[in-house]
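Colleague: Below are the C-alpha cells for one structure; questions will follow.
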Number of protein chains: 2
Amino acid sequence: MSEAKKAVVLLSGGLDSATILASAVAQGFHCYCLSFDYGQRHDTELKFARNLARELGAKEHRIAKIDLTVFGGSALTDHNLEVPDFAEHGDIPITYVPARNTIFLSFALAWAEVLGALDVFIGVNAVDYSGYPDCRPEFVSAFSVMANLATRRGVEGEALSIHAPLMHLKKDEIIKKGLALGIDYSRTVSCYQLNDEGAACGRCDSCGLRREGFVAAGIPDPTRYQLSNP
Amino acid sequence: MSEAKKAVVLLSGGLDSATILASAVAQGFHCYCLSFDYGQRHDTELKFARNLARELGAKEHRIAKIDLTVFGGSALTDHNLEVPDFAEHGDIPITYVPARNTIFLSFALAWAEVLGALDVFIGVNAVDYSGYPDCRPEFVSAFSVMANLATRRGVEGEALSIHAPLMHLKKDEIIKKGLALGIDYSRTVSCYQLNDEGAACGRCDSCGLRREGFVAAGIPDPTRYQLSNP
C-alpha cells in the first residue's frame, strides 16, 4: 500500500480484537480504534483496550458511551442475570447481547464516514461463537451490503469493506497469528466477569475458550486468573 | 388482528414519527416507543416524544442515551457547525448525521429481540429527504435482510419486518393521514433548532418542509414559531 489508508477497528480489549488490530496495523492501515462503554459488568476491559491501542500503534482510540442496559436481556448487561459457567452448547447463550454487533458496527460505520475510512475491522468468529447469530459470515456480508446503502460514500460509489479476518479461525490459530504479530496476550482480557484488578474468573465461556486455545496452541497461558488453578 | 402484536416504534417527537405511531396503534399493535438522547442541540423534542407516546396510546416509552457527538460531522450534533437555512438541494445536507438511522434501527432491533416483537416502525421518507442515503427504500430493505440474520428470532425463522409507511408520501399526504388518525400536530416538533420553550426557528430545512406541507394540505399550520411571521 503506497498511501496509508484509514481503518476503524472495533477494539474490546480482548484476545480477538487485539489480534485484528495488530493485523490491520501490519497491513499498513492507520487504525482508529473504537470501544464502547455499554454498561458491561466491569470497565476494566476499557483500560486494557486503551493500553492495547497505544501499544499496538493505533492512531487514535475513542470510547463511545451507549446505554445497552436500557433493554436488558443479557447476562452481560443485566446485572440480575448470572453469567453461566463454561459449557459446550449449540444454543444461543444468555451472554449474547441482543443486536450488539449490529450496534457496534453501526457506530463504526458512522465514524468511518466522518473519517473518510473505507475499511472496518471486527474480530467476530464463527468457530467459537456459533451460538451468536451476529458472529456468522452471512451476517457480516449482509451488514456490508446495508452499510454501502446507508452512507454518503456508499452512495457516491466508494465501497466500504467490513473485514472479519478471524471468522473461520480456531482460537489456537488466532493465538498463533497474534504471537507472530508480536502480541503480548497477557495485555488482553477475555473474561465476562473480570475483577477490578483485571484478573479472569477462569469459569465463564469466554475464559474456557481462551484457556483451551492456549492449550491447543501449545503455548503457556499468560492470563491472570482469580483462582490459583482454574 | 386477533391477538395484539408488539411493535417497536422509533419516536423523535416530530410530525413524521407521531404519524407512524398513531398509524401503528390504529393497526392494533402494542407500541413500544424508543427515542434517543444523542447529543442533539436541544432535548425539548424528548419532552414532546414523551407526551406523544402517552397521548397516542403507546404501551411504553424508553429513551436510550447514546453519544453521537463522539464523532462529530453533522450540524445536528457538532455544535461548532451552523444549521443552514431551508433551501432546495439534491446533495447530502450538513444536517445529515452519519449512519444515524442505522444506529437507531440497530437499537430498535435490540429492543425488539428482548420484547419478542417482530415489527419495527420508522418514519423515514424518501420524498423530502432524498439527500439522506439512509432514508431510501433500498436502505430499509437491506437493513431488514441484515436484521433477520443478526438476531435470535431471525435465525429461528421468524421474520422481522421493518415498516416505513411514510417512505413514498409527500409531507401534505403525511399530514392528512395523521389528521385522519386524530393527531394534534401542535403537539409535535420538527425544527432542528427549537428553543427551550419548544418554539420552532421557521428557517431550517425541517421547518421549511413542514411549513410547505401544511400549505400544500390546505391546513392551518399549528406550529409555534420563534418569529412572528416566518
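The values are calculated or read from the model by the stated rules, or taken from the named source; none is laboratory data. As the structure is a computational prediction, the values presented were derived from the model and not from experiment. A quick note on method: Cβ atoms are made from the backbone with ideal geometry, for glycine too, and the neighbour counts reach across all protein chains shown.
Colleague: Take A:V215 and tell me if it is exposed (fewer than 15 other Cβ atoms within 10 Å of the Cβ) and either out of contact with any helix residue (DSSP H, G or I) (no Cβ under 7 Å at 6 or more places or on another chain) or in contact (Cβ under 8 Å) with a residue 60 or more places away in the chain (or both). Break it down stepwise before answering.
Modeller: Working: exposed (fewer than 15 other Cβ atoms within 10 Å of the Cβ): yes; either out of contact with any helix residue (DSSP H, G or I) (no Cβ under 7 Å at 6 or more places or on another chain) or in contact (Cβ under 8 Å) with a residue 60 or more places away in the chain (or both): yes.
Spelling it out, A:V215 is indeed exposed (fewer than 15 other Cβ atoms within 10 Å of the Cβ) and either out of contact with any helix residue (DSSP H, G or I) (no Cβ under 7 Å at 6 or more places or on another chain) or in contact (Cβ under 8 Å) with a residue 60 or more places away in the chain (or both).
Colleague: Please count how many residues of the stretch B:167-181 are part of a helix (DSSP H, G or I) and of a type in the set (A, V, I, L, M).
Modeller: Total satisfying the criteria: 4.
Colleague: Looking only at the stretch B:1-31, filter to residues that are part of a loop (DSSP other than H, G, I, E, B) and touching a strand residue (DSSP E or B) at 6+ places or on another chain (Cβ under 9 Å); which one of those is surrounded by the most Cβ atoms within 10 Å (Cβ to Cβ)?
Modeller: Initial filter on the stretch B:1-31 (part of a loop (DSSP other than H, G, I, E, B)): B:1-5, B:11-14, B:27-29.
From what is left, the residues that are touching a strand residue (DSSP E or B) at 6+ places or on another chain (Cβ under 9 Å) are B:4-5, B:11-13, B:27, B:29.
Numbers: B:A4: 11, B:K5: 15, B:L11: 32, B:S12: 24, B:G13: 24, B:Q27: 15, B:F29: 23.
Going through the qualifying residues, I end up with B:L11.
Colleague: Considering only the stretch A:138-166, how many residues are within 14 Å of chain B (Cβ to nearest Cβ), modelled with pLDDT of 95 or more and part of a loop (DSSP other than H, G, I, E, B)?
Modeller: 1
Colleague: What number of residues in the stretch B:135-161 are buried (at least 21 other Cβ atoms within 10 Å of the Cβ) and of a type in the set (V, I, T)?
Modeller: Total meeting the criteria: 2.
Colleague: Now, a different point. Has the stretch B:130-141 got any residue that is closer than 22 Å to A:V124 by Cα and of a type in the set (A, V, I, L, M)? Even if it seems obvious, please write down each step before you answer.
Modeller: If we filter the stretch B:130-141 for residues that are closer than 22 Å to A:V124 by Cα, which is where we start, we get none.
Looking for residues that are closer than 22 Å to A:V124 by Cα and of a type in the set (A, V, I, L, M), one finds none in the stretch B:130-141, hence no.
Colleague: Going through A:G182, A:G131 one at a time, which residue ends up being among the small types (G, A, S) and away from every other protein chain (no Cβ under 12 Å)? Full working, then the answer.
Modeller: Numbers: A:G131 fails: away from every other protein chain (no Cβ under 12 Å).
One residue alone meets the criteria, A:G182.
Colleague: Continuing with this model, one more query. Is it fair to say A:P98 is part of a loop (DSSP other than H, G, I, E, B) and at pLDDT 90 or above? Full working, then the answer.
Modeller: Working: part of a loop (DSSP other than H, G, I, E, B): yes; at pLDDT 90 or above: no.
For A:P98, the condition - part of a loop (DSSP other than H, G, I, E, B) and at pLDDT 90 or above - is not met.
Colleague: Considering each residue of the stretch B:162-200, count those that are crowded, with 18+ Cβ neighbours inside 10 Å and under 30 Å from A:P133 (Cβ atoms), and give that number.
Modeller: Residues meeting the conditions: 5.
Colleague: Pick from A:A87, A:A117: which is at pLDDT 85 or above and either touching a Gly at 6+ places or on another chain (Cβ under 6 Å) or of a type outside the set (S, T, N, Q) (or both)?
Modeller: Working: A:A87 fails: at pLDDT 85 or above.
The match here is A:A117.
Colleague: Please go through the stretch A:97-106 and give me each residue that is farther than 18 Å from B:A142 by Cβ and at the interface with another protein chain (Cβ under 7 Å from one of its Cβ atoms), ordered by number.
Modeller: A:P98
Colleague: State yes or no: is A:A49 more than 14 Å from every other protein chain (Cβ to nearest Cβ), within 23 Å of A:G208 (Cα to Cα) and small (G, A, S)?
Modeller: Details: more than 14 Å from every other protein chain (Cβ to nearest Cβ): yes; within 23 Å of A:G208 (Cα to Cα): yes; small (G, A, S): yes.
Yes: the conditions hold for A:A49.
Colleague: State yes or no: is A:S106 polar (S, T, N, Q) and at pLDDT 95 or above?
Modeller: Values: polar (S, T, N, Q): yes; at pLDDT 95 or above: yes.
Against the criterion (polar (S, T, N, Q) and at pLDDT 95 or above), A:S106 qualifies.
Colleague: What is the residue count in the stretch B:178-200 for residues that are without any contact (Cβ under 8 Å) to a residue 40 or more places away in the chain, over 11 Å from B:L15 (Cα atoms) and in contact with a helix residue (DSSP H, G or I) (Cβ under 6 Å, 6 or more places away or on another chain)?
Modeller: Residues that pass the stated criteria total 1.
Colleague: A further question follows. What pairs can you find where one residue is in the stretch A:109-129 and closer than 10 Å to A:V8 by Cα, the other is among the acidic types (D, E) and assigned to a loop (DSSP other than H, G, I, E, B), and their Cβ atoms are less than 8 Å apart, with a gap of 6+ or different chains?
Modeller: A:L118/A:E158
Colleague: Of all the residues that make up the stretch A:201-212, how many are out of contact with any helix residue (DSSP H, G or I) (no Cβ under 8 Å at 6 or more places or on another chain) and either part of a helix (DSSP H, G or I) or within 30 Å of B:D134 (Cβ to Cβ) (or both)?
Modeller: We begin by selecting, within the stretch A:201-212, every residue out of contact with any helix residue (DSSP H, G or I) (no Cβ under 8 Å at 6 or more places or on another chain); these are A:203-208, A:211.
Keeping just the survivors that are either part of a helix (DSSP H, G or I) or within 30 Å of B:D134 (Cβ to Cβ) (or both) gives A:205-208, A:211.
Qualifying residue count for the region: 5.
Colleague: Give me a count of the residues in the stretch A:120-137 that are in a loop (DSSP other than H, G, I, E, B), under 23 Å from B:A110 (Cβ atoms) and at pLDDT below 95. Spell out how you get there, then give the answer.
Modeller: So the first thing to find is which residues in the stretch A:120-137 are in a loop (DSSP other than H, G, I, E, B), and the list is A:122-132, A:136.
Those still in the list that are under 23 Å from B:A110 (Cβ atoms) too: A:122-126, A:128-132, A:136.
Of the ones still in play, those that are also at pLDDT below 95 are A:124-126, A:128-132, A:136.
Adding up the residues that qualify gives 9.
Colleague: Still on this model: With the checklist (1) within 14 Å of another protein chain (Cβ to nearest Cβ); (2) modelled with pLDDT under 90 in hand, flag the one item A:E60 doesn't pass.
Modeller: All conditions are met except number (2).
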